[in-house]
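Q: To start, I am sharing the structure in question, which I have written as structure tokens.
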Amino acid sequence: MAIPNLNQRLSSLDASFLYFEKKESTLHIGGVCVFEGEIPLDDFIEMMESKMHLLPRYQQLIRTDPLNLGHPTWDFDQNFNIRNHISRIDIDAPGGDKELSELAGNIFTPMMDRSKPLWDIHLVYGLEGGNCAMISRVHHCMVDGVSGVDLLKIVLDFSPDPAPLPPKPEAQPRPPQPDSARRLFDAVLSSMQEGMNRWMDFQSGLLNLTQALTVESSRQSMRKVTPDLPRLISPVSPLPFNGPGSGERKFVWNTFSFSEARSIRGALKGTVNDVVLTALSGAVMRYAVEHGVDIRGRMLRVMVPVSLRQDEQRGALGNLVSVLPVEIPLDMTDPVERFNYINSKTSAMKNGRVAEGLNIFSALMGVLPPPLQALLGTIPTAGLSLPPFNMISTNVPGPQVPLYSMGRKMIRYYPYVPIGFSIGCGCAIMSYDQYLFFGITADGKTMPDVEKLRDSLYESFYELRKAAGVEETKHKVMGAAAGRSGRGRKKSAETIG
């Protein structure tokens with residue numbers, strides 16, 4: 001994989017993840033990987049160190065400009081030491097999913113230390129079956145979900161016996177740090193350039209959107225979604241997990257068959273993401289009813305991140321994302337009806353270029369001077385009682401072949417999505433090696449019983465599978481969720497790990 005061409009200065013979108021981060025709303029992404037067998041710590045560190053020239057961003061830290069006149073820059077850490085980023089944690093053997101889940105929540109809770117490069121890896125030993133886990137964090141200002149998967153392909157291998165690494169290039173001298181006067185000049189110049197770039201992005205996006213709407217199908221889709229737009233930008237009706245959070249993170253997970261999800265998609269003529277949103281909204285419906293919510297006429301509004309990354313931008317770091325605001329009636333109890341409703345709404349929004357349209361306004365916000373953007377991040381938003389969305393759901397396609405580290409096969413990967421700003425629950429989904437892995441993030445104050453949503457998600461998925469007329473896949477279903485109850489669990493499912 002080619003070494004990415006890195007920008008020295010953060011874009012407006014990347015910088016926003018720094019400006020708006022607070023201890024109640026940490027903005028790193030990450031995941032929990034489980035491997036067959038144990039990965040030797042020293043060998044892993046040596047392997048990672050040999051690949052660091054492929055990950056130059058992971059050797060850089062954030063530098064702020066004088067008076068925030070420009071967005072922060074990436075500068076190489078002159079004292080970089082990989083052992084400051086990789087550590088070992090032993091849990092009492094044999095540790096199960098419950099213990100690993102609790103540990104992951106504790107690791108994902110605090111903000112990352114901005115005095116060093118913004119990533120870390122914890123290798124966890126003592127799991128049942130002689131397995132080990134890797135809990136990783138990367139700040140969202142560095143990567144989005146799609147580019148994060150590309151980085152995963154660098155850190156891991158496609159074979160248990162990978163080819164030898166090419167010789168490490170000779171170390172090049174680091175450029176000297178500019179003096180204060182030069183940094184001030186660069187900050188002013190970059191601020192002007194960033195404003196012009198974002199204005200050009202706004203004009204280009206507006207032109208592309210106008211051209212797209214010359215197509216009749218796009219115009220029809222736009223007419224369908226236009227009446228919903230005023231409601232979609234208004235505050236939501238809160239659910240039990242919406243409210244001021246504590247910052248404490250809980251993290252639980254589910255595992256489903258990817259082939260079953262694709263069969264449901266085919267039977268109902270939709271997408272895998274429609275399957276995901278149908279199952280997730282059904283689980284939220286059950287959770288809301290259990291908490292005494294009257295769901296008649298109530299809507300669940302989900303923020304669905306959409307990658308705008310083109311094929312030629314694969315491997316590039318940073319964030320190239322927009323969002324789709326998807327509203328789903330909670331009182332729509334028939335899973336097939338709910339699936340068709342979601343498919344109709346998401347298709348109309350995609351054909352109507354809603355994500356691109358919202359990205360245009362994001363580009364327009366980037367025209368604001370960096371000091372003003374940084375000032376907006378200081379506004380106390382953690383206590384918002386009426387957030388713009390109820391929850392987050394992001395679905396990232398991963399490799400459908402096994403990955404390895406130090407010859408050990410990765411058998412599970414549960415992605416972590418950040419939450420906050422009164423959005424007390426998020427769900428990240430990643431497809432990998434013929435499975436769908438759900439990672440559910442919750443705030444410990446607003447959703448202390450997130451395990452109930454996890455259990456309801458199994459019930460909702462199996463209900464949808466049955467309604468679609470899809471048979472249970474006969475291959476093994478991996479990993480029981482952390483301490484989940486037996487509700488909704490197929491008794492014939494054989495578990496691994």
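Any read-out appearing in this document is the output of simple, stated calculations on the displayed coordinates, not a laboratory observation. Because the structure is predicted, anything quoted here is derived from the model rather than measured. Using ideal geometry, Cβ is built from the backbone for each residue, glycine included, and neighbour counts are taken over all protein chains shown.
Q: Residues of the range 65-90 with backbone nitrogen within less than 17 Å of a virtual label 7 Å along the Cα-to-Cβ line of Asp113, please, listed as ranges.
A: Correct set: 77-89.
Q: What is the order of Met111, Met349, Met332, fewest Cβ neighbours within 10 Å to most? Please list the in-between numbers first.
A: Values: Met111 16, Met349 25, Met332 19.
Placing the least packed residue first, the sequence is Met111, Met332, Met349.
Q: Let me ask something additional. Using 1/(1 + (r/R0)^6) with R0 = 25 angstrom and r between the beta carbons of Thr333 and Ala267, what's the FRET efficiency to the nearest 0.05? If you can, show how the numbers build up before the last one.
A: Details: r = 19 Å, r/R0 = 0.77.
Taking R0 as 25 Å, the efficiency between Thr333 and Ala267 is 0.80.
Q: How far is the Cα center of the range 389-423 from the Cα center of the range 71-113, in Å?
A: When both Cα centres are located, 16 Å separates them.
Q: Ok, one more. May I ask you to sort Ile440, Ile419, Ile107 by Cβ crowding, counting other Cβ atoms within 10 Å and putting the fewest first?
A: Ranking Ile440, Ile419, Ile107 by Cβ neighbours within 10 Å, fewest first, gives Ile107, Ile419, Ile440.
Q: A further question on this structure: For the peptides 401-413, 450-462, 82-94, what is the packing order when you average, over each peptide's residues, the other Cβ atoms within 10 Å and list the highest mean first?
A: Answer by packing, highest mean first, reads 450-462, 401-413, 82-94.
Q: If you add up the charges near Thr441, with Lys and Arg at +1 and Asp and Glu at -1, over every other residue whose beta carbon is less than 10 angstrom from its beta carbon, what do you get?
A: Summing Lys/Arg as +1 and Asp/Glu as -1 gives +1.
Q: Arranged by the count of other C-beta atoms within 10 angstrom, fewest first, what order do Ser159, Ser11, Ser259 take?
A: Ser159, Ser259, Ser11
Q: When DSSP beta bridges are limited to those with both residues in the range 12-162, what percentage is antiparallel, rounded to the nearest 5?
A: Looking only at bridges with both residues in the range 12-162, the antiparallel portion is about 75 percent.
Q: Charges on Cβ only, +1 for Lys and Arg, -1 for Asp and Glu, centred on the Cα centroid of the range 12-162; of Pro110, Phe17, Tyr58, which one is farthest towards the dipole's positive end?
A: Phe17
Q: While we're looking at this one, here's another question. Would you kindly state how much longer the chain becomes between Ile91 and Asp42 on full extension, computed as 0.36 nm times their sequence separation minus their alpha carbon distance, in nm to one decimal?
A: Extra length from Ile91 to Asp42 when fully extended: 15.8 nm.
Q: Nearest 0.05, what FRET efficiency do Arg83 and Ser259 give at R0 = 41 Å with Cβ-Cβ as r?
A: Values: r = 41 Å, r/R0 = 1.01.
That gives a FRET efficiency of 0.50.
Q: Right, next: Taking the Cβ-Cβ separation of Glu471 and Lys409 as r and a Förster radius of 35 Å, what is the calculated FRET efficiency to the nearest 0.05?
A: Efficiency, from the Cβ-Cβ distance: 0.80.
Q: Next question, about the same structure. Working out 0.36 nm times the residue gap between Phe76 and Gln434, then minus their Cα-Cα distance, what length gain in nm do you get to one decimal?
A: Separation in residues times 0.36 nm, less the Cα-Cα distance, equals 125.0 nm.
Q: Give, in nm to one decimal, the length gained when the segment between Lys445 and Ala163 is fully stretched (0.36 nm per residue of separation minus the Cα-Cα distance).
A: Values: separation 282, 0.36 × 282 = 101.52 nm, distance 4.77 nm.
Additional length available on full extension: 96.7 nm.
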